[in-house]
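Here's the structure, in structure tokens; my notes come after.
Derivation of every value follows stated rules applied to the coordinates shown; laboratory data play no part. Everything numeric here is computed off the predicted structure, so don't read it as measured data. Note that we place each Cβ from the backbone using ideal geometry, even for glycine, and neighbour counts take in every protein chain shown.
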Amino acid sequence: MTHRLAIYDMDRTVTFSGTYTGFLIHVSKAMAPWRLVLLPCVILLMLAYVFKLISRQRLKELNQALMIGFNVERAKLMPHVESYAAKVVATNVRAGALDQIARDRADGYRLVLATASYRLYVEPIARRLGFDAVIATDHLSQDLRYVRAKIAGENCYDTGKLRMIKAWMAAEAIDREQAQIRAYSDHVSDAPMLEFADMAFASNPHKPLARLAAAKGWPRVDWL
């Protein structure tokens, strides 16, 4: 095989807990503490998502608009993004995931972090963990002066994540037939990615993924 890829989900796979709400709170505290009074609105938006009144993508956009702002100057935001990434790596990363990342690297695999979380803060986390590439949800203003509370393209989730993985592979001139792929996730929404892989691992899986993994014969790993 020409290419070896180890593709990791991030939230609750590499990390113990989700990172998005923590990101919103961290930045709000640093840049506009008054926005913390809007946290109950975030809960209401979550309920709207649960009852299918808004999409998952729209939920993320509205939460960011509430807790950070519709448009935030990138130069002012990035120091807090970096400090949040440092906090995640120091307090919210599974030691077992770090061990597996090191093994995959030693086995010659290119390390890819594929996550629904925003590239804005995923890239600093990935850099600290030694990943080679990031596939993540992008802001519409990813390369502009201001960060807008608007997603560019797809939310990197479920079948959308697999489409983004395939698009990244095409951009990197990686032929699927010439690639050996390992994939790790905790959540059943990543079933398309896991099906796509040659070796799929249910990593600290929640119950639906644990059941699916048992049916598919995917190994289960429980990282501390």
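Give me Rg over Rh for the chain, both radii from the alpha carbons and Rh done the Kirkwood way, two decimal places.
Details: Rg = 17.5 Å, Rh = 18.1 Å.
With Rg and the Kirkwood Rh in hand, the quotient comes to 0.97.
DSSP loop trypsin sites (Lys or Arg not before Pro) in segment 102-161 with at most 14 other Cβ atoms within 10 Å of their Cβ, which ones?
On the way: sites: R103, R105, R110, R119, R127, R128, R145, R148, K150, K161; in loops: R145, K150.
Passing both the DSSP loop test and the Cβ count: R145.
Past 27 Å, Cα to Cα, is the threshold; run K29/K60; K76/K150; K60/K216; K29/K207; K161/K207; K87/K216 against it and keep the listed order.
Working: K29/K60 18 Å; K76/K150 18 Å; K60/K216 32 Å; K29/K207 34 Å; K161/K207 21 Å; K87/K216 36 Å.
As for pairs spanning more than 27 Å Cα to Cα, those are K60/K216; K29/K207; K87/K216.
Provide the per-residue ³J(HN,Hα) series for segment 203-216, in order, calculated from phi with Karplus coefficients 6.51, -1.76, 1.60 and θ = phi - 60°, each as a whole number of Hz, with x at glycine and proline positions.
Using θ = phi - 60°, the values come out as 9, 6, x, 6, 4, x, 6, 4, 5, 5, 4, 4, 5, 8 Hz.
With a cap of 12 neighbouring Cβ atoms within 10 Å, and only residues DSSP puts in a loop, list the trypsin sites (Lys or Arg not before Pro) found in segment 1-67.
K52
Where does segment 126-204 land on the Kirkwood hydrodynamic radius, alpha-carbon pairs, in angstrom?
On the way: mean 1/r = 0.0710 Å⁻¹.
The answer is 14.1 Å.
Given segment 74-224, what percent of its DSSP beta bridges are antiparallel, to the nearest 5?
Numbers: 2 of 13 bridges.
Among the beta bridges of segment 74-224, antiparallel pairing accounts for roughly 15 percent.
So how many Å³ per residue does the convex hull of the Cα atoms of segment 58-134 work out to?
Numbers: hull volume 7.7 nm³, N = 77.
Convex hull volume per residue, Cα atoms: 100 Å³.
Rounded to whole Å and sorted largest first, list the principal axis extents of the Cα atoms in segment 39-100.
41, 32, 19
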